[in-house]
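Note sheet for the following structure.
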Ligand SMILES: [Zn+2]
């Protein structure tokens, strides 16, 4: 049995999967925000709950909104900031009396979709979360590629490629929280989409409200979406030029816009070197469950 934990800023979710990927147990609790010791305890309690309910012991994988530094073995880059600097895997291994595996939540999405999702069986899956923020992960033969710096897939903090005049202005006006400017995340996250709509219209609306306006043929909302599609296409074309993945999978709130799966692949061709690109861009099959399923699959079957 595999136990996966999705450690989010507001909820912690546990899932227990059989070897066949069947869901045996699932439960979620509120995240004890700003309290590291309580967060560790909440994870331990969820693992015990899953094991009591299934009567089995499992391997434990955890998806976090950050990464473990390969140099210090401590959490870095987590927007749940009380995790940063903490030796989360060591503390959990001690509390649970077994090895645990920890990966970034976007890496978990990539693993989940590579094992039995939209990219099932594909050798190289590039998975993108376009939600409040934007991150990406790489799965090679169903396993997470983390890299010596823990940075594989951190494409969201590359600069948007081939910026036009307006994008250069956006770069100056909307700095990224990472300390640099012009990061892909500032354009292709749901937050970036809403900011761009606000720059066009002067109105601060939520993503879902802008999508409703598009359905009502609002020209400014439509313009924001077409700009968004082009920016996502440029950013993914750059991934094709670098990695040429077998499939690109999208997750997170913005991935629920079904038009992206027609518009973005068509727009990518003009930016890919040689102008040929048939790379499938697909919606995450497991939706919001991909993070927690991928955390469980951090322990692959052959281990
Ligand atoms: Zn950045």
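The values are calculated or read from the model by the stated rules, or taken from the named source; none is laboratory data. Everything quoted here is computed from the prediction, not taken from an experiment. Virtual Cβ from ideal backbone geometry, glycine too; neighbours counted across all protein chains shown.
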Residues within segment 199-210 that are under 20 Å from residue 260 (Cα atoms) and either in contact with a strand residue (DSSP E or B) (Cβ under 7 Å, 6 or more places away or on another chain) or at pLDDT 95 or above (or both), tallied: 2
Test: residue in segment 31-51 that is at negative phi and in a strand (DSSP E or B): no
Condition check for residue 138: away from the ligand (no atom under 16 Å from the Cβ) and crowded, with 19+ Cβ neighbours inside 10 Å: yes
Selection count, segment 44-64, where residues are surrounded by fewer than 22 Cβ atoms within 10 Å (Cβ to Cβ) and closer than 16 Å to residue 108 by Cα: 1
Within segment 171-187, considering residues that are surrounded by fewer than 19 Cβ atoms within 10 Å (Cβ to Cβ) and over 19 Å from the mean Cα position of the chain (by Cα), the one nearest to the ligand (Cβ to nearest atom): 180
Residue that is nearest to residue 105 (Cα to Cα), among those in segment 280-299 that are in contact with a strand residue (DSSP E or B) (Cβ under 6 Å, 6 or more places away or on another chain) and in a loop (DSSP other than H, G, I, E, B): 298
Selected residue (only one of 238, 262 is without any contact (Cβ under 8 Å) to a residue 12 or more places away in the chain and either in a helix (DSSP H, G or I) or not assigned by TED's automatic domain parsing to the domain that holds residue 189 (or both)): 262
